[in-house]
Amino acid sequence: MSKLVRLELYRFFKNTKNRVILVIILVYPFLLFAWLEHQSGSYMKIQSDLHMNQSRIANIRALTLMRAKDDNSINIVSNNDQLITFFQEVSRNELSAGKFYLSNDQKNYKFINTSLKKIYDLYLNALDNELISDQVILEFGYTRADLEAGAFYSEYLDENLETIYLNKFEINGFNATKLVFSGQNLLVLILLIVLMLSDIYLKDLLEGGYKLIYSLQIDRRKLLLSKLIVALVILVILILYVTLTVFLVSSVIGGYGDPEYPIVSTSINQFYLSSNEMSFQVTPIWLYILIGFIQIVLVCSTLVYLMILVSISIKSLSVVMGASLGILFFTFFINSMMPASSIWRAIFPFSYIYVENLLNVNSISNLTIGFLINLTLTSLFIGAPLTYISRIDIGD
């Protein structure tokens, strides 16, 4: 088996297409870092504009109510004075948050967090006292769940951390590495790896190499197993390379960061299909990264093994590549366009590609279904080719 693995490694790196994609993957961490540097500045400007706009809207609401009061308008409400005070407080704190965001200075992050906590508390108290309705907070771009999560997170940061990072694109070792496993960055990395490995079986079949190899009386299942091992080893090494490179480069620029920095998500308290009892869960960033690493290895392995199964059956390079791209595009569509409660999110295995989808458990039935589907399909994709290849005629 070891000789077969060495042979497959040699044949893999001899392929021109694989070498080109390998170079792209080697450069990928530095492209990602350049993107992070750009996003870091623009994110704070966007947040500043958002809160400045919220301040203007709240101020207009307060002025409108004051004008109605001065004019003795018939539209004046019984709690008019409370509403005026509420919107003035919201406007003041939104303005404060917007100015501090615009400064983009680490020293001001504590002040931003304080302003945000006041904003969340103001809205939640007003909702609890029926001063405003859910429709009002929707007009300001919030939901009750957003406000509760924001209030919990702000209070947790204030009570437990000396250094706060409110820029989601903050350039430090742990935060930059976390972003490798977040959003569309993850799909790009998976795409490159799958394109490199998806034809690991088919290219030899199309070149006629198997006829020579099979004439040496080598067990077909061992030969295919060697390819599966090579694919797994290569993708683990590449993912590890990207992870470590991003971490080391970002650490040199902005320091390591805090491995215990919290990521807050919602989860269901009890493991029952009917459970609706939600709570907030704090996950340290090092655990988030570890989960992301395991996730991407499993997803890439499953995709590559699926493509090998398709190769054995169809023997068409265009179909195999098209299937790879199709699955990744559908994954992007499902995660971007479908709500978390959608049945498609439940039954499509790669809906669980993102770590946040695992941590933010809004439906325990979706989590259960997704886990069972992934476990079943992974087993099938590994076992089916080994069984099927021993029965086919390679000359077909």
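The values are calculated or read from the model by the stated rules, or taken from the named source; none is laboratory data. Just so we're clear, the structure is a prediction, and the values are computed from it rather than from any experiment. Cβ coordinates were reconstructed from backbone atoms using ideal geometry, including for glycine residues, and neighbour counts include every protein chain displayed.
Of note:
- Qualifying residue in the range 266-282 (condition: outside any loop (DSSP other than H, G, I, E, B), in contact with a Lys or Arg (Cβ under 9 Å, 6 or more places away or on another chain) and either modelled with pLDDT of 80 or more or among the small types (G, A, S) (or both)): no
- Every residue from the range 149-161 that is closer than 10 Å to F280 by Cβ and either under 22 Å from the mean Cα position of the chain (by Cα) or among the polar types (S, T, N, Q) (or both): A149, F152, Y153
- Just one of the listed residues (L157, L238, L179, L138) is crowded, with 17+ Cβ neighbours inside 10 Å, among the hydrophobic types (A, V, I, L, M, F, W, C), at pLDDT 80 or above and farther than 30 Å from M307 by Cα, namely L157.
- Against the criterion of being outside the structural domain of Q281 (by TED's automatic domain parsing), assigned to a loop (DSSP other than H, G, I, E, B), modelled with pLDDT of 85 or more and surrounded by 14 or more Cβ atoms within 10 Å (Cβ to Cβ), L131 qualifies.
- Subset of the range 29-63 that is among the polar types (S, T, N, Q), out of contact with any helix residue (DSSP H, G or I) (no Cβ under 7 Å at 6 or more places or on another chain) and surrounded by 15 or more Cβ atoms within 10 Å (Cβ to Cβ) - its residue that is nearest to A97 (Cα to Cα): S40
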